[in-house]
Structures are given as C-alpha cells and as structure tokens.
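Have a look at the structure below before the remarks.
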Amino acid sequence: MKWTLKLGTFAGIDVYLHTTFFLLIGWIGISYWLQENSVIAALAGVAFILALFASVVLHEYGHALTARKFGVKTRDITLYPIGGVASLERIPEEPKQELWVALAGPLVNVVIAAALFLGLLVTGNLAPLNTMSVTGGTFVERLMVTNLALVGFNLLPAFPMDGGRVLRSLLAMRLDYTQATQIAASVGQGMAFI
Ligand code: ZN
C-alpha cells in the first residue's frame, strides 16, 4: 500500500498527503461531533484543520520557492498529521541563503496572520486581542492565532524546526559549518531537555 496520496503539482512541485492525515481528519470530525452533537460543528472542525493545513502548505512553499531562487530544487512537499515537509535536494551553500530559506516559511505565516488581521479590522470584526486563543473565537480569529503559534513553534532554535536552521546559518557565518551544526544541535538538545 502506498502511504502517500498526490494532491497535485503546483509551481512545478508535487504535493503529497500522507494517508495517516485522514485519521486526523476523522478524529477531529468525530470528536467535534461527540462534543457538540452536531454535524455542522464536525464539518466546521474539519474545515478549520484543512484551512490550517493550507497555511502549512503555503509555509512549505515559502521554503521551496526561496530555495529555488538560490538554485536548489525541491523534490516534493508532503503533509503529515504533525505538519509539512519540503524535501529540498540539498542545503543552500551560503549560510545567508540557508537563513533566508529557513525564514521564508514562518514569514509566510506572518503574512497570512497579518492579512487575516487586516480583514477582521476592515470588516469591523476584530475582537479584543486578549480574548483570542488557539481554541476560542471565530474561525478567522483562530486561524490567525494558529498561524502566529506556527511562527513561534517553528522558530524554536532546535532541529528539525526552522529555528534550528536559522541558528546554524547565523553561526555558520562566523564558524565552520560542522562546528555550527554541532552547536545548533546541542542548543536543540538543551531545548528538548527543558
Ligand atoms: Zn518551515
């Protein structure tokens, strides 16, 4: 059995969905249904997960298209229940390029959150910021907060998060590459310990 399902090819990059993703969708749908006892709530829960994963796909395209600018191809983008992975053919040679490639993903989520924020603002639907959370508020509010949470989570300075690559590239501007990787990896282990 093949564990991935091809969603399509966009900008010359194949996007795959890991089949365990359907377990996540099913689980979300069922848990909303049991909790709220309504099909609408179940569908809304699933729609939210799909919107969130669309944000994740765009995040991965941020990496992939920035890498392409530096001449690095992306084999594919695969979505897992825990997140997306853009498989770059190699790491860009210049630390500065690696830095931009790593930052481009989270930057996409900043742009999405900013666009949603503006949308809420101009339509007069912006709730007080301190009432927002990942689980509370309207669909758009939650999507905005979740995109910001993705930025924070991805920038943790630990591999395989984008923050780990950001840290390594910054170190590699001053140190040799192996040393930079080692330091970045031990910072990551320290973070994991905490
Ligand atoms: Zn990323």
* Asked: Does any residue in region 10-23 that is in contact (Cβ under 8 Å) with a residue 24 or more places away in the chain come within less than 9 Å, Cβ to Cβ, of a residue that is basic (K, R) and not in a strand (DSSP E or B) six or more places away or on a different chain, and which pairs are these?
  -> A11/R68; I13/R68; I13/K73
* Matching option when the condition is of a type in the set (G, A, S) and farther than 18 Å from R142 by Cβ, among G8, G45 -> G8
* Test result for L79, within 16 Å of the ligand (Cβ to nearest atom), crowded, with 20+ Cβ neighbours inside 10 Å and more than 16 Å from F10 (Cβ to Cβ) -> no
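Just give me the residues in region 135-175 being under 18 Å from H63 (Cβ atoms), part of a loop (DSSP other than H, G, I, E, B) and touching a helix residue (DSSP H, G or I) at 6+ places or on another chain (Cβ under 7 Å), in sequence order. Steps first, please.
Step one: filter region 135-175 for residues under 18 Å from H63 (Cβ atoms), giving 147, 150-170, 172.
This time we only want the ones that are part of a loop (DSSP other than H, G, I, E, B), so: 155-161.
If the condition is that a residue be under 18 Å from H63 (Cβ atoms), part of a loop (DSSP other than H, G, I, E, B) and touching a helix residue (DSSP H, G or I) at 6+ places or on another chain (Cβ under 7 Å), then L155, L156, P157, A158, F159, M161 are the ones that fit.
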* To do: Considering only residues that are closer than 15 Å to P92 by Cα and among the polar types (S, T, N, Q), look in region 147-194 and name the one that is least open to solvent (accessible area, probe 1.4 Å).
  => S169
* **Subset of region 96-144 [among the polar types (S, T, N, Q) and either touching a residue at least 40 places away in the same chain (Cβ under 8 Å) or surrounded by 12 or more Cβ atoms within 10 Å (Cβ to Cβ) (or both)]** => Q97, N109, S133, T138
* In region 149-169, is there at least one residue being away from the ligand (no atom under 16 Å from the Cβ) and free of Cβ contacts under 8 Å to residues at least 24 places away in the same chain? -> no
* With respect to V85, determine if the residue is open to solvent by 60 Å² or more (accessible area, probe 1.4 Å) and either within 11 Å of the ligand (Cβ to nearest atom) or in contact with a Leu (Cβ under 6 Å, 6 or more places away or on another chain) (or both). => yes
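The values are calculated or read from the model by the stated rules, or taken from the named source; none is laboratory data. Everything numeric here is computed off the predicted structure, so don't read it as measured data. Please note: Cβ atoms are built from the backbone with ideal geometry, for glycine as well, and neighbour counts cover all protein chains shown. For accessibility, only protein heavy atoms count, side chains too; no ligands or nucleic acids. Shrake-Rupley method; radii C 1.70, N 1.55, O 1.52, S 1.80 Å.
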